[in-house]
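Some notes on the structure that comes next.
The values are calculated or read from the model by the stated rules, or taken from the named source; none is laboratory data. Every value quoted in this text rests on a predicted model; they were computed, and no experiment measured them. Using ideal geometry, Cβ is built from the backbone for each residue, glycine included, and neighbour counts are taken over all protein chains shown.
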Amino acid sequence: MNTRPIAGLAMTALLAGVAHAGPAVATFRIQMTVTSSCAVTLSPTAIDLGTVTTQSSAVNYNGSTTLEVNCSKKTPFYIGLAPSNGKSNGKGAMFGAQAGNGAQVPYTLYSNAALTKVWGNTATSTSRGNGVAGTGTGMAAANAVSFPVYAKVTNVNFMPDRYADTVTVSVHY
């Protein structure tokens, strides 16, 4: 009897049944850091108080505009308004356009329609100060947070001229 073919078959069967080790496995992380961001996405239009006649008595001219801010989701932010005169208390002055006119028409900025909450520029990244506060809802246009801005003038006893000032909006986050 020839045992070689049987032994060869037995060896082939034995080798076929040898298990191979599974694949080598490793892991890695994928990561990123998302930082907060904010943007004034709708700059306010000019507050036009209209055309008025010079008067020596107290007056009450006011108007408003709206600004919109987008900030990252759940990001607290604080908005300050700074007239060009550098005052941080919400009180500015409009300057005349004519050469030689040194008059300045004073105005005050407010955050509410009742004109009782002055809106100044002492906000920081951690405090509302005399500004306004908000919380971001996302950077998409539909997530913008709106803030009305009001201005009031109580004295127009000045040289006839076209008066204007520039207010800077600062968003701290």
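A compact table of results
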read-out	value
Criterion (in contact (Cβ under 8 Å) with a residue 24 or more places away in the chain and touching an Asp or Glu at 6+ places or on another chain (Cβ under 6 Å)) met by exactly one of Gly96, Gly120, Gly134	Gly96
Qualifying residue in the range 147-170 (condition: surrounded by 17 or more Cβ atoms within 10 Å (Cβ to Cβ), among the hydroxyl-bearing types (Ser, Thr, Tyr), touching a Leu at 6+ places or on another chain (Cβ under 9 Å) and without any contact (Cβ under 8 Å) to a residue 60 or more places away in the chain)	no
Residue list for the range 85-120, filter: within 19 Å of Val132 (Cα to Cα) and either in a strand (DSSP E or B) or touching a Leu at 6+ places or on another chain (Cβ under 6 Å) (or both)	Gly90, Lys91, Gly92, Tyr107, Thr108, Leu109, Tyr110, Val118, Trp119
Within the range 85-122, tally of residues that are under 14 Å from Asp165 (Cβ atoms) and either among the hydrophobic types (A, V, I, L, M, F, W, C) or crowded, with 20+ Cβ neighbours inside 10 Å (or both)	11
Flag if Ala123 is closer than 23 Å to Gly50 by Cα, modelled with pLDDT of 95 or more and over 12 Å from the mean Cα position of the chain (by Cα)	no
Single condition Gly50 does not satisfy, out of (1) closer than 23 Å to Phe158 by Cα; (2) surrounded by 11 or more Cβ atoms within 10 Å (Cβ to Cβ)	(2)
Meets criteria (closer than 25 Å to Asn143 by Cα, in contact (Cβ under 8 Å) with a residue 24 or more places away in the chain and either out of contact with any Phe, Trp or Tyr (no Cβ under 6 Å at 6 or more places or on another chain) or assigned to a loop (DSSP other than H, G, I, E, B) (or both)) for Pro44	yes
Any chance Ala141 is in contact (Cβ under 8 Å) with a residue 12 or more places away in the chain and closer than 22 Å to Asp48 by Cβ	no
Test: residue in the range 75-84 that is surrounded by 14 or more Cβ atoms within 10 Å (Cβ to Cβ), part of a loop (DSSP other than H, G, I, E, B) and at positive phi	no
